[in-house]
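Read through the structure below, which is laid out as structure tokens, and then see the notes.
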Amino acid sequence: MVELQNIYKWYQVGGNRTFILKDINLNVKEGEFISIMGPSGSGKSTLLNIIGMLDQPNEGSYQFLGNDVFKLKEKQRTELYKRFIGFVFQSYHLIDELTVYENIETPLLYQDVRSSDRKAIVADMLDRFNIVGKKDLFPNQLSGGQQQLVGIVRALIAKPKLILADEPTGNLNSTQGEEIMEIFKQLNKEGVTIIQVTHSEKNAAYGHRIIELMDGLIKH
Ligand code: ADP
Ligand code: ADP
């Protein structure tokens, strides 16, 4: 599903290059659950953003579901992202001015899903994740755990094949964090591929495989 080859990312300041990622090679198969670990500044978020097509490397190639990502036009890349990827952010990134219902509905609006179908799909998700009673609240009326749950439901609603999560439990207490990890575990059982960045050994253990980054390199 994800095949990264010889990925380099650097920032140029004057004549000096600072490397963020150095020769990253990574294959992730459909159905896998991968945890990316490593100290702060080791390049974890940059790697996740590249996989999610939110960032581009300076060198290297990337095949996503057979598509040569960096040879595509921006618009085609955006289409791939919207159809197949759900991104879960550490600090939720919900839209403050929209209700829970409207936040969750947003990806369906982007995909031009008909109004009647949208209603049915949103109702179904609210029900599945037990948040019907919260649908008319705004993000600032929810706890961190509830906001992250809404962020996950929004990432899921368009049925992505790949969920990318950047420290999804980083702002949550351990009970809330466990609930989120159990949701990922269940989704993975249903066939969704998951790549998470985490600092927590406990959360990392939910994955099948741990990738360790150190100074922009994958440790072997
Ligand atoms: P991690 O997620 O492991 O903490 P990041 O991928 O966020 O690491 O960042 C890796 C390194 O890249 C850090 O040292 C960070 O300071 C640096 N970095 C990120 N963005 C930029 C930028 N726009 N310019 C220069 N350095 C950057
Ligand atoms: P449109 O212009 O496409 O009709 P609206 O803003 O009127 O969009 O509403 C979009 C859809 O979302 C409608 O089907 C509306 O009934 C539904 N909707 C919006 N907020 C809520 C909510 N809090 N509870 C139930 N349905 C909602």
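The values are calculated or read from the model by the stated rules, or taken from the named source; none is laboratory data. Predicted, not measured: the structure shown is a model, and the values here were computed from it. With ideal geometry, Cβ positions are generated from the backbone for all residues, glycine too; neighbour counts draw on all protein chains shown. Keep in mind that these areas ignore ligands, DNA and RNA; they rest on the heavy atoms of the full protein, side chains included. Shrake-Rupley method; radii C 1.70, N 1.55, O 1.52, S 1.80 Å.
Tell me which residues, restricted to the stretch 79-92, are away from ligand 1 (no atom under 16 Å from the Cβ) and touching a residue at least 40 places away in the same chain (Cβ under 8 Å). Give the derivation first.
Keep residues of the stretch 79-92 that are away from ligand 1 (no atom under 16 Å from the Cβ), which gives 79-86, 92.
Listed by number, the residues that qualify are Lys82, Arg83, Phe84, Ile85, Gly86, Tyr92.
Go through the stretch 88-105 and give me each residue that's modelled with pLDDT of 95 or more and either open to solvent by 70 Å² or more (accessible area, probe 1.4 Å) or not aliphatic (A, V, I, L, M) (or both). First the steps, then the outcome.
Keep residues of the stretch 88-105 that are modelled with pLDDT of 95 or more, which gives 94-105.
Residues satisfying the conditions are Asp96, Glu97, Thr99, Tyr101, Glu102, Asn103, Glu105.
For the list (1) aliphatic (A, V, I, L, M); (2) open to solvent by less than 10 Å² (accessible area, probe 1.4 Å); (3) at pLDDT below 95, I need the number of the one condition that Val2 fails.
With respect to (1) aliphatic (A, V, I, L, M); (2) open to solvent by less than 10 Å² (accessible area, probe 1.4 Å); (3) at pLDDT below 95, Val2 is out only on (3).
Would you be able to tell me the number of residues in the stretch 114-154 that are in contact (Cβ under 8 Å) with a residue 60 or more places away in the chain and aliphatic (A, V, I, L, M)?
1
Take the conditions part of a strand (DSSP E or B) and β-branched (Val, Ile, Thr) and apply them to Ile24. Does it pass?
Details: part of a strand (DSSP E or B): yes; β-branched (Val, Ile, Thr): yes.
Judged against the criteria, Ile24 is a match.
Kindly indicate whether Tyr101 is closer than 23 Å to Asn171 by Cα, out of contact with any strand residue (DSSP E or B) (no Cβ under 9 Å at 6 or more places or on another chain) and more than 10 Å from ligand 2 (Cβ to nearest atom).
Here the answer is no, as Tyr101 does not meet what is asked.
Are there any pairs with C-beta distances below 9 angstrom linking a residue in the stretch 37-56 that is free of Cβ contacts under 8 Å to residues at least 40 places away in the same chain to a residue that is part of a loop (DSSP other than H, G, I, E, B) and buried (at least 20 other Cβ atoms within 10 Å of the Cβ), with the two at least 6 apart or on different chains, and if so which?
Short answer, once both residue conditions are applied: Thr46/Pro57; Thr46/Gly216.
Within the stretch 15-28, can one find any residue that is farther than 18 Å from Ile211 by Cβ and in contact with an Asp or Glu (Cβ under 8 Å, 6 or more places away or on another chain)? Before the answer, list the steps.
We begin by selecting, within the stretch 15-28, every residue farther than 18 Å from Ile211 by Cβ; these are 15-18.
Narrowing the set further to residues that are in contact with an Asp or Glu (Cβ under 8 Å, 6 or more places away or on another chain) leaves none.
Looking for residues that are farther than 18 Å from Ile211 by Cβ and in contact with an Asp or Glu (Cβ under 8 Å, 6 or more places away or on another chain), one finds none in the stretch 15-28, hence no.
Take the conditions within 16 Å of ligand 2 (Cβ to nearest atom), in contact with a Phe, Trp or Tyr (Cβ under 7 Å, 6 or more places away or on another chain) and under 29 Å from Ser200 (Cα atoms) and apply them to Val122. Does it pass?
no
So, restricting to strands (runs of 3 or more DSSP E) that lie completely within the stretch 125-220, which ones have at least 3 residues that are at positive phi? Give the steps one after another, and end with the answer.
Working: elements: 162-166, 193-197, 209-214.
Per the criteria, no element qualifies.
So for the stretch 78-87 (the condition being assigned to a helix (DSSP H, G or I) and either over 30 Å from Ser61 (Cα atoms) or in contact with a Lys or Arg (Cβ under 7 Å, 6 or more places away or on another chain) (or both)), does at least one residue qualify?
The first filter runs over the stretch 78-87 and keeps only residues assigned to a helix (DSSP H, G or I), leaving 78-84.
In the following step, the residues that additionally are either over 30 Å from Ser61 (Cα atoms) or in contact with a Lys or Arg (Cβ under 7 Å, 6 or more places away or on another chain) (or both) were identified as 84.
Taking every residue of the stretch 78-87 in turn, at least one turns out to be assigned to a helix (DSSP H, G or I) and either over 30 Å from Ser61 (Cα atoms) or in contact with a Lys or Arg (Cβ under 7 Å, 6 or more places away or on another chain) (or both).
Of the numbered conditions (1) within 16 Å of ligand 1 (Cβ to nearest atom); (2) assigned to a loop (DSSP other than H, G, I, E, B), Leu98 satisfies every one except a single condition; which is it?
Single failed check for Leu98: (1).
Residues of the stretch 1-55 being within 24 Å of Pro160 (Cβ to Cβ) and of a type in the set (Phe, Trp, Tyr), which ones?
Phe33
Collect the residues in the stretch 12-24 that are open to solvent by less than 70 Å² (accessible area, probe 1.4 Å) and either at negative phi or near ligand 1 (Cβ under 9 Å from one of its atoms) (or both), keeping them in residue-number order.
Ile20, Leu21, Lys22, Ile24
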